[in-house]
Amino acid sequence: MEIVPDRFAGRTVVVTGAGAGIGRATAARLLREGARVIATDLDGKRLAALGQGKVEGALLTVTGDLCDGGTVQRIVEACAGRADALANVAGIMDGFLPLAEIDDETWDRVLAVNLTAVMRLTRAVLPVMLVAGQGSIVNVASIAALRGSAAGVAYTASKHALLGLTRSTAFIYGPDGIRTNAVAPGGVQTSIVATPRSESAWARIEPVMQANAPPSVDADTLAANILWLMTDEARNVNGAVLSSDGGWSAC
Ligand SMILES: NC(=O)c1ccc[n+]([C@@H]2O[C@H](COP(=O)([O-])OP(=O)(O)OC[C@H]3O[C@@H](n4cnc5c(N)ncnc54)[C@H](O)[C@@H]3O)[C@@H](O)[C@H]2O)c1
């Protein structure tokens, strides 16, 4: 990927899930392109590693669970009145559990991380963008936001709902200069835990995936899409769902 020096100079960007995978690739590229990045993750060691690379921009890290109000508060404090963009990347899988086998704990946690935490953090950062009269929010959804054959019931429901959150936010706040879009990745090589926990569901899902899913890509490929949505080149893009799946959603 070609780095565009200073493309994000002077901008402050919040990135969740910045310790690994797509969030890490997004934060690292933003830093290389000159942004001030507020990188947040559950895992403090991963965030510390992010700061060890050669970076051009300024890195602030916030370690904590996005489902805790205190973490959200610390992220907003780190913004210090400036948030040009917010990338809601953090997310977790559901073991491909189908409806008859889903336990309340898995359902609640997946919905809490993939949906409710996104709403709470966005709600907290939005006032800063409203004062500035501009901002870009990018929510990382999934191919599972577009079909029922790519994950279990909790993950699928959470990512479908995330598109609703994205469109509602885009519609209401577009006139205030705030664009809200989603990226829907297909397979990406990351550390996400995607071990099937249901034999019956996996027997149904696996052959469909084998037949339809293109080869997975690296996280930098997704970071490129996320960054583009934050730039002025995407100024007319609001409420969109950008599939980045090699054509999976076209089958
Ligand atoms: N990897 C894929 O194939 C794929 C496909 C489609 C969508 N996605 C989506 O992309 C996003 C990023 O996934 P990834 O594959 O990079 O995963 P990953 O597991 O490699 O990275 C996710 C990061 O988020 C952090 N995180 C998880 N829960 C958190 C919480 N409650 N609070 C704070 N941090 C938390 C983890 O510690 C981890 O560092 C997710 O929303 C995922 O659903 C991934």
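Are any residues in the range 16-35 over 10 Å from the mean Cα position of the chain (by Cα) and on the phi < 0 side of the Ramachandran plot, and if so, which ones?
G19, A20, R24, A25, A27, A28, R29, L30, L31, R32, E33, A35
Which of the residues that make up the range 226-251 are more than 27 Å from Q134 (Cα to Cα), open to solvent by less than 40 Å² (accessible area, probe 1.4 Å) and assigned to a loop (DSSP other than H, G, I, E, B)?
Passing the criteria: D245, G247.
Does the range 165-179 include one or more residues that are exposed (fewer than 13 other Cβ atoms within 10 Å of the Cβ) and either in contact with an Asp or Glu (Cβ under 9 Å, 6 or more places away or on another chain) or of a type in the set (V, I, T) (or both)?
Scanning the range 165-179, I find at least one residue that is exposed (fewer than 13 other Cβ atoms within 10 Å of the Cβ) and either in contact with an Asp or Glu (Cβ under 9 Å, 6 or more places away or on another chain) or of a type in the set (V, I, T) (or both), so the answer is yes.
Output the qualifying pairs, or none if there are none: Cβ atoms under 7 angstrom, residues six or more apart or on different chains, first residue in the range 109-123 and modelled with pLDDT under 95, second residue open to solvent by less than 50 Å² (accessible area, probe 1.4 Å) and not in a helix (DSSP H, G or I).
Listed pairs, sorted by first residue: none to list.
Quick check on this structure: which one of G152, G148, G133 is at positive phi and in contact with a helix residue (DSSP H, G or I) (Cβ under 8 Å, 6 or more places away or on another chain)?
Result: G133 is the single residue among G152, G148, G133 that is at positive phi and in contact with a helix residue (DSSP H, G or I) (Cβ under 8 Å, 6 or more places away or on another chain).
Tell me which residues, restricted to the range 10-48, are of a type outside the set (D, E, K, R), open to solvent by 50 Å² or more (accessible area, probe 1.4 Å) and over 26 Å from G187 (Cα atoms).
Answer for the range 10-48, where residues must be of a type outside the set (D, E, K, R), open to solvent by 50 Å² or more (accessible area, probe 1.4 Å) and over 26 Å from G187 (Cα atoms): G10, A48.
Just need a number here: residues in the range 67-81 that are under 12 Å from A124 (Cα atoms) and assigned to a loop (DSSP other than H, G, I, E, B).
1
For the range 181-225, name all the residues that are among the charged types (D, E, K, R) and outside any loop (DSSP other than H, G, I, E, B).
Passing the criteria: E199, R204, E206, D218, D220.
On the given criteria, is A117 under 16 Å from A39 (Cα atoms), touching a Cys at 6+ places or on another chain (Cβ under 8 Å) and within 12 Å of the ligand (Cβ to nearest atom)?
The answer is yes for A117.
For the range 180-199: of the residues being loosely packed, with under 13 Cβ neighbours inside 10 Å and more than 10 Å from the ligand (Cβ to nearest atom), which is farthest from L165 (Cα to Cα)?
Top of the filtered list is E199.
The values are calculated or read from the model by the stated rules, or taken from the named source; none is laboratory data. Not measured: the values here are computed from a predicted model. We place every Cβ from the backbone using ideal geometry, glycine too, and count neighbours over all the protein chains shown. Accessible surface areas use protein heavy atoms only, side chains included; no ligands, DNA or RNA. Shrake-Rupley method; radii C 1.70, N 1.55, O 1.52, S 1.80 Å.
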